[in-house]
1. Over what distance in Å are the Cα centres of segment 93-152 and segment 5-57 separated?
2. How high is the FRET efficiency from residue 244 to residue 188, r the C-beta distance, R0 22 Å, rounded to 0.05?
3. Identify which of 76, 114, 186 has the largest mean-square fluctuation in a Gaussian network model of the chain, with springs joining Cα atoms closer than 10 Å.
4. Under 28 Å between alpha carbons: how many lysine pairs meet that in the chain, if sequence neighbours fewer than 8 apart on the same chain are excluded?
5. May I ask which residue of 26, 8, 111 lies farthest towards the positive end of the charge dipole of segment 1-124, with charges of +1 (Lys, Arg) and -1 (Asp, Glu) on Cβ and the Cα centre as origin?
6. Nearest 5 percent is fine: what portion of the DSSP beta bridges confined to the chain is antiparallel?
7. What percentage of the solvent-accessible surface of the chain, computed with a 1.4 Å probe over protein heavy atoms, is contributed by carbon and sulfur atoms?
8. Defining a contact as two alpha carbons under 8 Å apart and six or more residues distant in sequence, what relative contact order in percent does the chain show?
Amino acid sequence: MDVLARSLAQNLSTEFGQTVIVDNRAGAGGMIGSAEVARAAPDGHTLLFNSSSLVQAPAVAPQKLYDAVADFTTIGSLGRTVMPFVVPVASPANTLEEFVAYARGRKLAFGSFGAGTTSHAFQQLFSDYNKLDMVHVPYKGEALMLNDVLSNQVACTMGTMATLAPQIEARAVKALAILSPEEVDGFANIPIFKKLGYPAEFDWRGGFIGFFGPAKLPADIADILEKTFSKIISGPAMQAVMKQNFVVGRPTVARDAAAEVAATQEAWTNLVKRLGLAAT
């Protein structure tokens, strides 16, 4: 996200002829920074670059700091991210079917990059769907999670393609499936859940990477930002960065992007309620 944000900011600086500063605001699953933009004056000078955590974090948090649909103007989305399901090289499973057979009757642990995240939710869904008795081990970020996968401390994980693709290509982990509605370029040999017979819930179209302003952004300002955003993301420089960071799917702007955010919020909220997830 930081690489993509800085690339977008650099291009915005070029287009507008003024400095665009990236100010990372961590905390509460990204809600601290997002809430600051929601409260900002709608003048186009304070903007937000965020992933689907914009809608996911409030759904599992004890206190909602904003509404992802009502409190922001959606400018556009670069596309979305996908998540591979991987196991350590030492795992006896070479396919998802073999993993399920191996996990049945055992109390295996799965690692996620945080409680209430996509990584947590879909591994819990996978465990419930297959009637397994897996234990969730949340980590503070992907680096620590990856270390324990590589050292066979946890039986499996789901993480971002940007983190796991180098490990998959180096054969440091085994990828058994990808959480995506369609095959991923360069990784077509890794099956999507749908092709393995899993239900539509695993056909996850979330994981958007979006650009936002505060609610009630004036139409003329929104129009300038949308057109500039469209120009930047269709250019070769940004396209190269997006490809390097495994951004897939079709970029969208304005109403289409806003509809994507709203649909993700609804789908995620329903999934969180079903699984009983909460941030810890």
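The values are calculated or read from the model by the stated rules, or taken from the named source; none is laboratory data. Computed from a predicted model, the values in this text were never measured in an experiment. Here the Cβ positions follow ideal geometry from the backbone for every residue, glycine too, while neighbour counts run over all protein chains shown. Protein only, heavy atoms only, side chains kept; ligands, DNA and RNA dropped before computing areas. Shrake-Rupley method; radii C 1.70, N 1.55, O 1.52, S 1.80 Å.
1. 32 Å
2. On the way: r = 18 Å, r/R0 = 0.84.
According to the calculation, E is roughly 0.75.
3. Checking each option, the largest mean-square fluctuation is seen for 186.
4. 28
5. So the residue we want is 111.
6. Values: 22 of 29 bridges.
Of those bridges, close to 75 percent are antiparallel.
7. Working: 6940 of 13280 Å².
Roughly 52 percent, rounded to a whole number.
8. Numbers: 480 pairs, mean separation 91.3, N = 280.
The value is 33 percent.
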